[in-house]
Every structure is written in C-alpha cells, then in structure tokens.
Amino acid sequence: MAALVATELARHRSDRVLAMDADAELGSLPLRLGVQSELSLFDLAAQRPRTFEEAARYLRQTREGLWVLAATRGGRITGEFTFETYQAAFSAVSRYISTAVTDCSAGILTELHRGILGQSHSVVLVTPGTVDGALSARGALEWFSQGAQRSLLPRTVIAMVSHAPQVGADLDRATEMLTAWGTPVVQLPYDRQIATGAAVDMSRLGDATRKAVGRIAYEAFARSLGARAPGR
C-alpha cells in the first residue's frame, strides 16, 4: 500500500515525494518499488547533508520520479531499528522534500510505531477485506480514540485489501463495521499484478485498482490538510 500511494503521489506532483521503509527486518518497500540500495536509512541517520544532492546519495529513484529510502542495505538486516534512528534519518532529508510516505511494519503499540504515528499528518490503516480484518481495524480505531493518539482518528483512512479474486458478503459486512466510525473505507480489489509480489507497475494495474489507489491517496492527503473529501 505504501508503494502504491507514494507512487501515485509522485505521478501527480512536480515536487519531491519520498517513500521511507521503517521495517528494518522484513521491509519490502524497495523491492515493491523496483529499487535496491547498498546505503540505508541507518547510513543517512549518521550524516548531516547540507544539500539535497548530498542527501540523494542515500536514496534511489523510481522511473515515476519517486525517491526511496531503504531500511536495509541490499536487503540485508542492518541492526536494531529505533524511533531515534528513524527520526534522525527523516530530519536529515525532510527539508528537501514536500511529502513523505512511511511504510511501517505491522502493529501500532511499539515505541517505534507510537513515535511515527505521533508525527504523521495522516494514516492509511491497511487490513484484509474480511470480518476478522475489520475487527482488528476497529480495535486500532478504538485505540486511536483514546489518549495521546486521539488526533489521529479524523486523519485515518482504512484500506481494505482483497487477497482473492472472489468477493463475498464478508467484505460488505466488514465495511459496514468500520464506516460507523465516520472513517473513510476504501476497498482495494484483488489485482493480479500486485499479487505477484514483484515491483509495482502502475501501468498494469486494473482500472478498479487504480481508482482505489487514487481515492486512498486523495483521502489521506485531504485529511493531512484538515479537509474532508466532498460528499464522502
């Protein structure tokens, strides 16, 4: 989802968009974006680039113009990943970009997740398009509604992903369970190109998939600016 949303933003913006991988163990964002780097977020965190050209040494760029910051060196685990490491790397490059999409590992309760969520302008909560998936997403929304994370609730978009070609009644039931929160729920249909697990090729996505990705990107960006999509 991070690869799709970041690529969609990069395709429609003339300024710099960055996709950051925040999973130093199982992160697949560079693979999904068709890039590989021997330098990682860890390397950038230790530097203080004075220009974008210096920062770009630690990044890779896709054919759509999206800049990518990996969490591993050539797919190899680099070390323990902390929020301080993430923050140092992001601070080193943030002044040179307009929009950043961070791909987090699964979960919301670790110190790393709480730190990243706490400074995010919007959140795309990804869940399987099933009743079980909706229950998990509802649990996350309930957590967002409490304490320090409360401000995230109106800035959250839910992406319900179908992992099989057949869509059953469960998807409608799952959607109903979540729309009661007033949070936009966008259904991402099964797509053969995404299901291969290879690099995302936007030109080979199905029409319904492209529309869903565009809607998710729009909803997330609108909420990051404090606006709601008209008529949604």
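The values are calculated or read from the model by the stated rules, or taken from the named source; none is laboratory data. The shown structure was predicted, so the numbers you read here are calculated from the model rather than taken from an experiment. All Cβ positions, even for glycine, are placed from backbone atoms using ideal geometry, and neighbour counts span all protein chains on display.
Below, the figures for the structure above:
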item: Residue tally, condition out of contact with any helix residue (DSSP H, G or I) (no Cβ under 7 Å at 6 or more places or on another chain) and of a type outside the set (Gly, Ala, Ser), over region 90-124; result: 8
item: Evaluation of Leu109 against (1) surrounded by fewer than 18 Cβ atoms within 10 Å (Cβ to Cβ); (2) in a helix (DSSP H, G or I); (3) at pLDDT below 85 (one fails), failing number; result: (2)
item: Matching residues, region 58-89, being in a loop (DSSP other than H, G, I, E, B), within 19 Å of Ser14 (Cβ to Cβ), without any contact (Cβ under 8 Å) to a residue 60 or more places away in the chain and in contact with a helix residue (DSSP H, G or I) (Cβ under 9 Å, 6 or more places away or on another chain); result: Leu59, Thr62, Gly65
item: Those residues of region 42-59 which are among the hydroxyl-bearing types (Ser, Thr, Tyr) and either more than 21 Å from Phe81 (Cα to Cα) or not assigned by TED's automatic domain parsing to the domain that holds Glu84 (or both), in sequence order; result: Thr51
item: Selected residue (only one of Thr99, Thr85, Thr130 is farther than 18 Å from Phe42 by Cβ and modelled with pLDDT of 90 or more); result: Thr99
item: Residues located in region 90-104, provided they are part of a loop (DSSP other than H, G, I, E, B) and among the hydrophobic types (A, V, I, L, M, F, W, C); result: Ile97, Cys104
item: Region 141-161, subset small (Gly, Ala, Ser) and surrounded by fewer than 20 Cβ atoms within 10 Å (Cβ to Cβ), residue nearest to Phe83 (Cα to Cα); result: Ala148
item: Residues that are polar (S, T, N, Q), part of a helix (DSSP H, G or I) and touching a residue at least 40 places away in the same chain (Cβ under 8 Å), drawn from region 171-209; result: Thr175
item: Pair list, Cβ under 8 Å, 6 or more apart: region 131-144 residue free of Cβ contacts under 8 Å to residues at least 60 places away in the same chain, other residue acidic (Asp, Glu) and buried (at least 18 other Cβ atoms within 10 Å of the Cβ); result: none
item: Selection within region 11-57 - of a type outside the set (A, V, I, L, M, F, W, C), surrounded by fewer than 23 Cβ atoms within 10 Å (Cβ to Cβ) and in a helix (DSSP H, G or I); result: Arg11, His12, Asp43, Glu53, Glu54, Arg57
item: Some residue of region 126-134 being in a helix (DSSP H, G or I), surrounded by fewer than 17 Cβ atoms within 10 Å (Cβ to Cβ) and among the β-branched types (Val, Ile, Thr); result: yes
item: Among (1) closer than 27 Å to Gly118 by Cα; (2) touching a Phe, Trp or Tyr at 6+ places or on another chain (Cβ under 7 Å) - the single one Leu178 does not satisfy; result: (2)
